[in-house]
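Contents: one structure, followed by commentary.
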Amino acid sequence: MPLTKLPTLEFGDWLPDLGLHENPGTPEAKNVVPVPRGFASLSSPEAIYGALDAPCVGGYWSLDESGSRFNFGADATQLYRLNNVTGAMDNVSRVGNYTSTGSWDFARFGSRVLAVSPDNDTQYFDTEASTLFADLPGSPPRGRTIGVVRDFIMVGRINDGGDKFDTVAWSGFNNSEIWGTNYSAQSDQQTLPGRSGEVQRIVPGQVGRILTENSLWVATYIGPPQVFRFDEVVRNSGTPAWRSVCWASGLIFFLGHEGFMVWDGGAAPPRQLGANRVDQWFRDNLAADSERLVIGAVDRRNTLAYWAFPSSSSGTLDRVIIYNWSQDRWSYGEMTTQFLVEYAPPGFNLDTIDSLLPGGIDANSFNMDSGAFRGQDLGLAVYTSSNALGGLTGPALAAEIHTREFDTGSFRNRMIVTEVESLIEGSPATVRASVGTRERQGDNVAFSAAVERNAIGAHACRASGRFLRARLQTTGPFKLARGVRLVGREKGRR
C-alpha cells in the first residue's frame, strides 16, 4: 500500500487520568504552559533580585498612594522589602527580628501593610513613613491568615491567649488599632460553628470569603450590633491546604479534599476543575500527607494559576501544576522553588539597571524584555532554591508532549509510520520526534529513536504496531506546539 498522510494529531487537553488508549486529550504535557490550540514552553526559575537569609515562608506586593511599588518577603525570623534601586531584599524587621515561624500572611489597610504569624505579634509597615516593621498597636490577636473586608481588618485562626483555630476577629471600623469586643468601634470576633474546622484563608473584598477545612463562608457587613453576618454557604467543601488558595478575576482557586476547585464566592458550590482530568495524577505525584505544603499563586496577565508541590517526602517543592482558566486546560512542570507569589515589578531604566546587573547587560543571561525590568503590571514571582526573588525567566525547560494513542479501528491490523512533521511555531528550539508503539493494551510503550527535524520540519521516524502515538521532545523556547502530522500506512495483519 502507498504511504499516505495520516490525519493531523493536535495536542488536546492534558488528561493523564483517562489512561492511554483513546484518550481524547494528551497523556503527557511536561514543562509546558497551556495556551490556545496547544502548549508553549515553560521557562525555568531564575534569581533576579536579592536573596533572603533563609527559605521564604511568605510574600506580598502593595502600592502606595503615589503608585510606588512595594514587594515584601519573609523567612522564619525576618521580614524583607525589595529595594527598588539596588534590587536587594533589605531586612525591615522590627528590632530583634522574630520568633521562628512557619508562615507569614499579609494584607494592606490604607497605607499600612500588615503581617500576621501564628508565633509573633501582628506587624505593620507604613508605606508612607516606615523604615522598619513594628508591633501593631491595640493588642491585635495573632493569626495565620489576614484580609481586609470592607473597612475592617479580619484575622483568622486567631490566638489571643488561646489557640482558636475556628475563629475570626476583626478590627474597629476603619481603624487598625482597635481590637477585642468594642461595640462603639464595631470590633469583635466570631467562632464559626459546626464542623467547619480550621479557618484556612480569608479572601478580601467588600464581602469576605472565608475558606475553612470543611466549609465555605461569606462574611457580610450588616452594621451594629452584630456587625458581620456569617453564612455557611457551602458545607462539606473546604481546603486542607491554606496556601493553595489564590484568586483573580472574581474567581477563587484552591485545592479541595476532592481535588482542584474554583469558587465564585457565592452560594453555588465550587466547581471541580481536575476531576477525571488531573486530580488522580496529582494525588499519585504528591508526597504523602503533604497537602499543607501546596502553594498557589496566579499570573493574571496570562490567566494562569500555578500550584507548587513536593513529589517526595523531603518537602522540597519540585513540581508545579498549571491551570489556564480562560482555556480550561492543564499542564505541569518539573522545577524546584521555595515559594510562589504575585508581585509588582519595580521597573528599571538605563540609570538604575547597573545596580542589578553590575557586569553589564552582555554579561548576564536575563531577557531584558522581561516584565521584571519594565515595571509592567502584576506578574508571577518565585523564590529560588538560593532564597532569591526571581521569576520564570530562565532558559526553557526541556519539554515533552505526546499525542493521543490511535489505531486503525481493527483489532487485527497494524500500521507503519515513516515520517513525523512537528507543528511548532516561533521556535528556535531543538525538536526531536519519536513514535511510540505497542501490540497489546497491557504492553509498555516502546519509542523509536528520537530524531531531529530536517529543513522542512519533518522527522524520519520509522515504527510499526497496532497502537501508536507521537512524542515531541524539545530543548529551547517555543511559542506554540500544536501537534504533528504523520506519514504512513496500514500494514495489515501479523
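The values are calculated or read from the model by the stated rules, or taken from the named source; none is laboratory data. Fair warning: this is a prediction, and the values are worked out from it, not measured in the lab. Note: ideal-geometry Cβ built from the backbone for every residue, glycine included; neighbour counts use all protein chains shown. Just the protein is used for accessible areas: all its heavy atoms, side chains included, with ligands, DNA and RNA removed. Shrake-Rupley method; radii C 1.70, N 1.55, O 1.52, S 1.80 Å.
Listing for the model above:
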{"read-out": "Relative contact order, percent, the range 39-175 [alpha-carbon distance under 8 Å, six or more residues apart]", "value": "15 percent"}
{"read-out": "³J(HN,Hα) computed for each position of the range 101-117 - Karplus, 6.51 cos²θ - 1.76 cosθ + 1.60, integer Hz, glycine/proline x", "value": "9, x, 6, 10, 10, 10, 7, 10, 9, x, 8, 9, 9, 9, 9, 10, 8"}
{"read-out": "Beta bridges by DSSP in the chain, antiparallel share as percent, to the nearest 5", "value": "95 percent"}
{"read-out": "Using θ = phi - 60° and Karplus 6.51 cos²θ - 1.76 cosθ + 1.60, couplings along the range 201-215 (whole Hz; Gly, Pro as x)", "value": "8, 10, 9, x, x, 5, 10, x, 10, 10, 9, 10, 4, 10, 8"}
{"read-out": "Peptides 186-199, 263-276, 233-246 ordered by average Cβ neighbours within 10 Å, highest first", "value": "233-246, 186-199, 263-276"}
{"read-out": "Relative contact order of the chain, defined on C-alpha pairs under 8 angstrom at six or more residues apart (%)", "value": "18 percent"}
{"read-out": "P(r) tail fraction, the range 1-145 - alpha-carbon pairs more than 20 Å apart, %", "value": "61 percent"}
{"read-out": "Rg [Å, one decimal], Dmax [Å, integer] - the range 445-484, C-alpha atoms", "value": "11.6, 33"}
{"read-out": "Built amide H within the under 5 Å cut-off of T122, gap 5+", "value": "L136"}
{"read-out": "With every protein chain in place, the chain: carbon and sulfur % of accessible area (1.4 Å)", "value": "46 percent"}
{"read-out": "The range 146-295: relative contact order in percent, alpha carbon pairs under 8 Å with at least 6 residues between", "value": "14 percent"}
{"read-out": "Label-point separation in nm, N182 to A134, each point 7 Å along Cα→Cβ", "value": "1.7 nm"}
{"read-out": "For semi-axes √(5λ) of the Cα gyration tensor in Å, calculated from these coordinates, the label among [x] 34, 30, 22; [y] 47, 27, 17; [z] 30, 26, 23", "value": "[y]"}
{"read-out": "Cut-off under 5 Å, modelled amide H: who pairs with F339 long-range", "value": "Y383"}
{"read-out": "The range 80-92 - phi-based ³J(HN,Hα) in whole Hz, Karplus 6.51/-1.76/1.60, Gly and Pro as x", "value": "10, 10, 5, 7, 6, 9, 8, x, 7, 9, 7, 6, 10"}
{"read-out": "Label-point separation in nm, E258 to N276, each point 7 Å along Cα→Cβ", "value": "1.3 nm"}
{"read-out": "Over the chain: helical MRE at 222 nm, DSSP H runs n ≥ 4 each giving -39500 (n - 2.57), nearest 500", "value": "-500 deg cm²/dmol"}
{"read-out": "Amide H partners (placed H, <5 Å) of L397, local residues excluded", "value": "L42, S43, S44"}
